Amino acid sequence: MPIAASRAELERLLDDDVPHGDLTTEALGIGERPGVMRFVARDPMVLALAEDAAAIIELAGCRVELFAESGTTLAEGAPILSAYGSAAGLLRAWKVAQTLIEVWSGVATETRAIVDAARAVSPDIAIACTRKNIPGTKRCAVAAVKAGGAVMHRLGLSETVLVFPEHRALLGEVPLAEMVKRLRRAAPEKRLVAEVTSFDAAVEMVLAGFDVIQAEKFSPAEIVSLVAGVKAIAPAWNRPVVAAAGGINAGNVAAYAQAGAHIVVTSSPYLARPRDVQVQIAPATATEFVTEAA
């Protein structure tokens, strides 16, 4: 997979951790000594942001051998990468690169768990992760979600049309038909999505002509009723998609897939625990260092 972050973003990550040099390494006088650093999966995981971690280590002046790409399922003990360079470079990049893989592999692993649980029941269902990632981490979040086999629900407010009940409240007494007309005129190439919190509101949105009905915090049984209701009132050639959203995770997603949801919208991967990456740093032999640095 390609690097998710830009070079400037990766440089900022390094500068944030090592703004004025590595005091310990400098005080010990070992910065120029050749070393080798190895990353190994201590936990089973779906790997994410490995390419970004490698790029960070390279920015620190080291050479990297990457053994697995993002999206790969790793068993405990599987090698991720080896890096060769000066002690100063390896130690500068160590924690930033390790943390990047650990945090975002946690997101990718949880994403994959949701995808697998849903598709075991409904092979064609789509899993879409929301934009509710930690602000400032969108590039990494998107890469981790993709590594886990899901898609993004919305990258932001600029490229999608999603009408929340709050929009309707602020709009006042404008009829739904007029709302749809405005949206079609302003964004003619976009699908219109409406979030609803009740069956009656969903029916209104279907009749108004929305393309996707996002059912917020519906139970699986309520999704069954909604899917049946949509089929009853909308012709097959113009039938909106039903997306289930709100509180869905690996433990309950199968029930929503079984209920007939076409899309599951979730934020739960962003709350996943990081996966554990073991890092080993040791002196490099002269032959090893020369070979890898060539």
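Read-outs throughout are calculated quantities, based only on the coordinates presented, and are distinct from any laboratory measurement. This is a predicted model, so every value here is computed, not measured. In this analysis, Cβ positions are derived from the backbone assuming ideal geometry, glycine residues included, and neighbour counts consider all displayed protein chains.
Pairs Lys95/Lys217; Lys138/Lys181; Lys132/Lys190: which exceed 28 Å Cα-Cα?
Working: Lys95/Lys217 39 Å; Lys138/Lys181 32 Å; Lys132/Lys190 21 Å.
Correct reply: Lys95/Lys217; Lys138/Lys181.
Under the classification rounded if a/c is under 1.5, otherwise prolate if a/b is larger than b/c and oblate if not, where does region 19-172 fall, given a ≥ b ≥ c as square roots of the Cα gyration tensor eigenvalues?
Working: a/c = 3.74, a/b = 1.80, b/c = 2.07.
It is oblate, given that a/c is not under 1.5 and a/b is not larger than b/c.
How much FRET efficiency would the formula 1/(1 + (r/R0)^6) give for Ala169 and Glu222, where r is the Cβ-Cβ distance and R0 is 25 Å, rounded to 0.05?
Efficiency, from the Cβ-Cβ distance: 0.65.
Which FRET efficiency value, to the nearest 0.05, do you get for Lys132 and Gln280 by plugging their Cβ-Cβ distance into 1/(1 + (r/R0)^6) with R0 = 35 Å? Spell out each step's value before the answer.
Numbers: r = 36 Å, r/R0 = 1.02.
About 0.45, to the nearest 0.05.
If you project the alpha carbons of the chain onto their three principal axes, what span does each projection cover, largest first, in Å?
75, 37, 28
Would you mind classifying region 128-228 by shape? Square roots of the alpha carbon gyration tensor eigenvalues, ordered a ≥ b ≥ c; an a/c under 1.5 is rounded, otherwise it is prolate if a/b is larger than b/c and oblate if not.
Numbers: a/c = 2.14, a/b = 1.38, b/c = 1.55.
Oblate shape, in that a/c is at least 1.5 and b/c is the bigger or equal ratio.
In what sequence, highest mean first, do 117-129, 166-178 appear when ranked by Cβ atoms within 10 angstrom?
Details: 117-129: 17.8, 166-178: 10.5.
Those peptides, ordered most packed to least, come out 117-129, 166-178.
If you average the C-alpha positions of region 21-48 and of region 66-144 separately, how far apart do those two centres end up, in angstrom?
Distance between centres, Cα-based: 19 Å.
Pick from Gly61, Gly71, Gly136 the residue whose mean-square fluctuation is largest in a GNM of the chain, springs joining Cα atoms under 10 Å.
Between Gly61, Gly71, Gly136, it is Gly136 that shows the largest mean-square fluctuation.
For a quick check, take a GNM of the chain with Cα springs below 10 Å and name the residue from Val212, Val180, Val36 with the largest mean-square fluctuation.
Per the Cα network of the chain with a 10 Å cutoff, Val180 tops the list.
Top mean-square fluctuation among His20, His153, His262, Gaussian network model of the chain, C-alpha springs under 10 Å?
Ranking His20, His153, His262 by mean-square fluctuation puts His20 first.
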